[in-house]
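Since the structure comes first, as structure tokens, the remarks are kept for the end.
Read-outs: derived from the displayed coordinates by stated rules, not from any lab. Note that the structure is a prediction, hence the values are computed from the model and not measured. Neighbour counts are summed over all protein chains in view; Cβ atoms, including those assigned to glycine, are modelled from backbone coordinates with ideal geometry.
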Amino acid sequence: MSEEKKKVINSLKDTGFYKPGKIYDRGKVIAGIVVFIVVAAFPFFYTAGKAAKMHEPKLDTPVIRQLPEAERVCVLPKQEMRENHMVLLNEWRDQVVREGNREYTGYTGKKYTISLQNTCMECHSNYDEFCNECHQYTVQTPVCWGCHIQKPKEWAG
């Protein structure tokens, strides 16, 4: 180490600003770390075991109840619709707008008209209990209703 650095370090030691190798106010530092950890972890411990119940959409609309049991099928299986309906709706939008294709073949081989309002909402007519509850639970704002869909007046809310 150069003589000049040694002089600076010695002058800092004399003034009390240079204190190498020790943690001063150790108790305050440890208390601060503990308080930080408690504050940061509080939301996790406070809500432990209190998760909101997952919404189960009501599939027994009046239209579905009137259908014969054999015809009570959707375009895709129930679990796949629950997980990927937004992908399907985006694909439908692209097929209609970009390709002019207005027909979709479901997993059972049945042909459907590609239309949110005239295909999906024909059976799943309970918007508040079917669509809206899940979207509110997952804090999602679907863009489906922005373009060509007219919401019935009873959906206002």
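Values as computed for the structure displayed
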{"item": "Share of Cα-Cα pairs in segment 95-146 lying beyond 17 Å, as whole percent", "result": "50 percent"}
{"item": "Residue range of the chain that is longest and free of chymotrypsin sites (Phe, Trp or Tyr not before Pro) which are both DSSP loop and sparsely packed (at most 15 other C-beta within 10 Å)", "result": "25-106"}
{"item": "Relative compactness, segment 3-46, computed as alpha-carbon Rg over 2.2 N^0.38 Å", "result": "1.99"}
{"item": "Volume per residue that the Cα convex hull of the chain spans, once the total is divided by residue count, Å³", "result": "303 Å³"}
{"item": "Given K58/K110; K50/K78; K78/K110, the pairs whose alpha carbons are separated by over 21 Å", "result": "K58/K110; K50/K78"}
{"item": "Stretch in the chain that is longest and holds no trypsin sites (Lys or Arg not before Pro) that DSSP places in a loop and that have at most 14 other beta carbons within 10 Å", "result": "111-157"}
{"item": "Calculated FRET efficiency for the pair E99/H135, C-beta based, R₀ 41 Å, to 0.05", "result": "0.90"}
{"item": "Cut-off under 5 Å, modelled amide H: who pairs with I114 long-range", "result": "E103, Y104"}
{"item": "Computed FRET value (nearest 0.05) for R72 with F45, which takes r as the C-beta separation and R₀ as 41 Å", "result": "0.35"}
